[in-house]
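Chemist: Here it is, the structure, as structure tokens.
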Amino acid sequence: MPNKKPSLLQISSEIYAFERIKALITDIFMIYTPILYITTYLILGSANEFRHSQTSIFICLCLYGIISSIFICISSQTPGLRYMNLVLIRTQGDKISFLRALIRFFIWVLGISLLIGIITPFFRKDKKFLHDILCDTIIIKKPKPINMP
């Protein structure tokens, strides 16, 4: 009986929450924290000013989304995904466009804030999050390059 090649959906369901959370935490520390620090201390001058400026908080979030979307558009990986050896692709295997990555980010923000984005994988066989379902994306392990003799 020949070995059947697993589908991308089967592979993506093996990516557990722990790996994705580690990638997210890495991205927060490498991308979002510097944005917050620069905005808070270099632009606004103090943490108190930052806390009272909802516009600054929103701009920081948007900037984080734009930078993450650029990483995904160019290499299908943010620094956190690269660290965990994961890639973000379309369900068909194609790379993600900048616009799709940006929309995916804002759906993620909305889904997390409403909590529906967190509980969605518990009700699905393929363990996909809401933003992955709506944007037709999956996270898989990065394929290892084939060594040619």
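Chemist: Can you tell me which of ILE89, ILE72 is assigned to a strand (DSSP E or B) and surrounded by 15 or more Cβ atoms within 10 Å (Cβ to Cβ)?
Modeler: Being assigned to a strand (DSSP E or B) and surrounded by 15 or more Cβ atoms within 10 Å (Cβ to Cβ) holds for just one of ILE89, ILE72, which is ILE89.
Chemist: Same structure, new question: Pick from LEU81, LEU134, LEU63: which is part of a helix (DSSP H, G or I), within 19 Å of ILE31 (Cβ to Cβ) and out of contact with any Leu (no Cβ under 9 Å at 6 or more places or on another chain)?
Modeler: Matching residue, one of LEU81, LEU134, LEU63: LEU63.
Chemist: Still on this structure, please answer the following. Going by what's in this entry, would PHE105 be described as surrounded by 13 or more Cβ atoms within 10 Å (Cβ to Cβ), under 22 Å from MET30 (Cβ atoms) and at pLDDT below 95?
Modeler: no
Chemist: So, one more: Within the stretch 97-105, identify whether any single residue is within 13 Å of the chain's Cα centre (by Cα), farther than 17 Å from ILE21 by Cα and not in a helix (DSSP H, G or I), and answer yes or no.
Modeler: There is no residue in the stretch 97-105 that is within 13 Å of the chain's Cα centre (by Cα), farther than 17 Å from ILE21 by Cα and not in a helix (DSSP H, G or I).
Chemist: Do we find that LEU63 is in contact with a helix residue (DSSP H, G or I) (Cβ under 9 Å, 6 or more places away or on another chain), modelled with pLDDT of 95 or more and surrounded by fewer than 15 Cβ atoms within 10 Å (Cβ to Cβ) in this structure?
Modeler: no
Chemist: Could you grab the pairs with beta carbons closer than 8 Å, sequence gap of 6+ or different chains, first residue in the stretch 17-40 and more than 16 Å from LEU63 (Cα to Cα), second one surrounded by fewer than 18 Cβ atoms within 10 Å (Cβ to Cβ)?
Modeler: Close Cβ pairs (under 8 Å, with a partner that is surrounded by fewer than 18 Cβ atoms within 10 Å (Cβ to Cβ)) amount to LYS22/TYR83; ALA23/TYR83; THR26/PRO79; THR26/TYR83.
Chemist: Among the residues of the stretch 12-28, is any farther than 20 Å from PHE129 by Cα and out of contact with any Phe, Trp or Tyr (no Cβ under 6 Å at 6 or more places or on another chain)?
Modeler: Looking through the stretch 12-28, none of the residues is farther than 20 Å from PHE129 by Cα and out of contact with any Phe, Trp or Tyr (no Cβ under 6 Å at 6 or more places or on another chain).
Chemist: Which pairs have Cβ atoms under 7 Å, sit 6 or more apart or on different chains, and link a residue in the stretch 96-121 that is within 17 Å of PHE58 (Cβ to Cβ) and free of Cβ contacts under 8 Å to residues at least 40 places away in the same chain to one that is surrounded by 13 or more Cβ atoms within 10 Å (Cβ to Cβ) and polar (S, T, N, Q)?
Modeler: LEU102/SER69
Chemist: Okay, moving on. Exactly one of (1) within 17 Å of LYS22 (Cα to Cα); (2) of a type in the set (Gly, Ala, Ser); (3) surrounded by fewer than 16 Cβ atoms within 10 Å (Cβ to Cβ) is unmet by GLY80. Its number?
Modeler: Looking at each condition in turn, GLY80 falls short on (3).
Chemist: Within the stretch 2-56, track down each residue that is assigned to a loop (DSSP other than H, G, I, E, B), of a type outside the set (Ser, Thr, Tyr) and modelled with pLDDT under 85.
Modeler: Hits for the stretch 2-56 are PRO2, ASN3, LYS4, LYS5, PRO6, GLU14, ILE15.
Chemist: A follow-up question, please. Any residue at all in the stretch 76-85 that is among the polar types (S, T, N, Q), in contact with a helix residue (DSSP H, G or I) (Cβ under 8 Å, 6 or more places away or on another chain) and free of Cβ contacts under 8 Å to residues at least 40 places away in the same chain?
Modeler: Scanning the stretch 76-85 turns up no residue that is among the polar types (S, T, N, Q), in contact with a helix residue (DSSP H, G or I) (Cβ under 8 Å, 6 or more places away or on another chain) and free of Cβ contacts under 8 Å to residues at least 40 places away in the same chain.
The values are calculated or read from the model by the stated rules, or taken from the named source; none is laboratory data. A quick note: this is a predicted structure, and the numbers were derived from the prediction, not measured. Neighbour counts are summed over all protein chains in view; Cβ atoms, including those assigned to glycine, are modelled from backbone coordinates with ideal geometry.
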